[in-house]
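Colleague: Please read through the structure below; I'll follow up with questions.
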Amino acid sequence: MRYPLVGLLRIRDFRVDKAAKAVRAAEAAQKHAEAEKLAREQSWHAFKAWRLEEVERRYQSIMLQCMTRDEIDTFKAGLSRLVDEELEKEEAAHAAARALAAAQEAVLTARQHWRNADHEREKILYHREEWQKTAAKEEARVEDLEQEEWKPVLFETAAEGEG
């Protein structure tokens with residue numbers, strides 16, 4: 001006898017496979033986000049160290065020089081651009097950290113969906129096992145009934161033989 005919920009079991013298997021693929025994709029995205037965060041933080045810290053050295057170098061280059069107000073404004077604007085660039089790198093590092101947190105949350109969500117899908121499939125598998133046990137018992141009962149109906153008559157009683 002064919003299990004009546006085989007179509008539903010196939011759907012559950014499909015959902016488990018789909019959820020497992022989503023988990024793998026989310027984990028890959030998380031690894032990419034981790035690498036991106038690390039790269040952005042390293043870039044930011046390296047730039048920050050370089051900027052401090054560059055500011056010192058620039059100040060040393062203008063020491064004891066006469067400069068016009070326009071030259072001083074240009075100098076300050078150059079320093080300001082360095083600070084702005086550092087702030088951009090810092091913001092990029094923070095954005096990468098937020099993206100990593102979102103990727104980690106996506107992994108947790110994907111894993112939860114996979115667990116739910118697997119649980120639903122397991123319920124159907126348990127039902128199939130119980131159904132198979134019940135079907136086997138019913139089949140054995142029907143077989144016993146058939147054997148009872150077709151009992152061969154081995155002996156005739158004396159009363160039947162005289163009649």
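Just so you know, all these numbers are worked out from the coordinates, no wet-lab data involved. The shown structure was predicted, so the numbers you read here are calculated from the model rather than taken from an experiment. So basically every Cβ, Gly included, is an ideal-geometry build from the backbone, and we count neighbours across all protein chains shown.
Colleague: Answer with a single label: of (i) 49; (ii) 68; (iii) 28, which was calculated as percent of Cα pairs over 25 Å apart from the structure in view?
Modeller: Looking at percent of Cα pairs over 25 Å apart for this model, the match is (ii).
Colleague: Return the calculated 222 nm mean residue ellipticity for the chain, to the nearest 500 deg cm²/dmol, obtained by summing -39500 (n - 2.57) across DSSP H runs with n ≥ 4 and dividing by the residue count.
Modeller: -33000 deg cm²/dmol
Colleague: Could you work out the relative contact order of the chain? I mean the mean sequence separation of Cα pairs under 8 Å and 6+ apart, divided by the number of residues, in percent.
Modeller: Computed over the chain, the figure is 49 percent.
Colleague: Related question: Per residue of region 39-52, what does 6.51 cos²θ - 1.76 cosθ + 1.60 with θ = phi - 60° give for ³J(HN,Hα)? Whole Hz please, x for Gly and Pro, Karplus curve as stated.
Modeller: Each residue's phi maps through the Karplus curve to give 5, 5, 5, 5, 4, 4, 5, 5, 5, 4, 5, 5, 4, 4 Hz.
Colleague: Among V23, T134, S61, which residue has its Cα positioned farthest towards the positive end of the charge dipole of the chain, with +1 placed on the Cβ of Lys and Arg, -1 on the Cβ of Asp and Glu, and the dipole taken about the Cα centre?
Modeller: The listed residue farthest towards the positive side: S61.
Colleague: Mind checking the dipole of the chain: about its Cα centre, +1 per Lys or Arg Cβ, -1 per Asp or Glu Cβ, Debye to the nearest 20?
Modeller: Charge dipole of the chain: 1100 debye, to the nearest 20.
Colleague: Positive end of the charge dipole of the chain (Lys, Arg +1 and Asp, Glu -1 on Cβ, about the Cα centre): tell me which of V83, A103, Q42 has its Cα farthest that way.
Modeller: Farthest towards the positive pole: V83.
Colleague: Once you've got the GNM for the chain with C-alpha springs shorter than 10 Å, pick whichever of A96, A135, A22 has the biggest mean-square fluctuation.
Modeller: Comparing A96, A135, A22 in the GNM, the peak value goes to A135.
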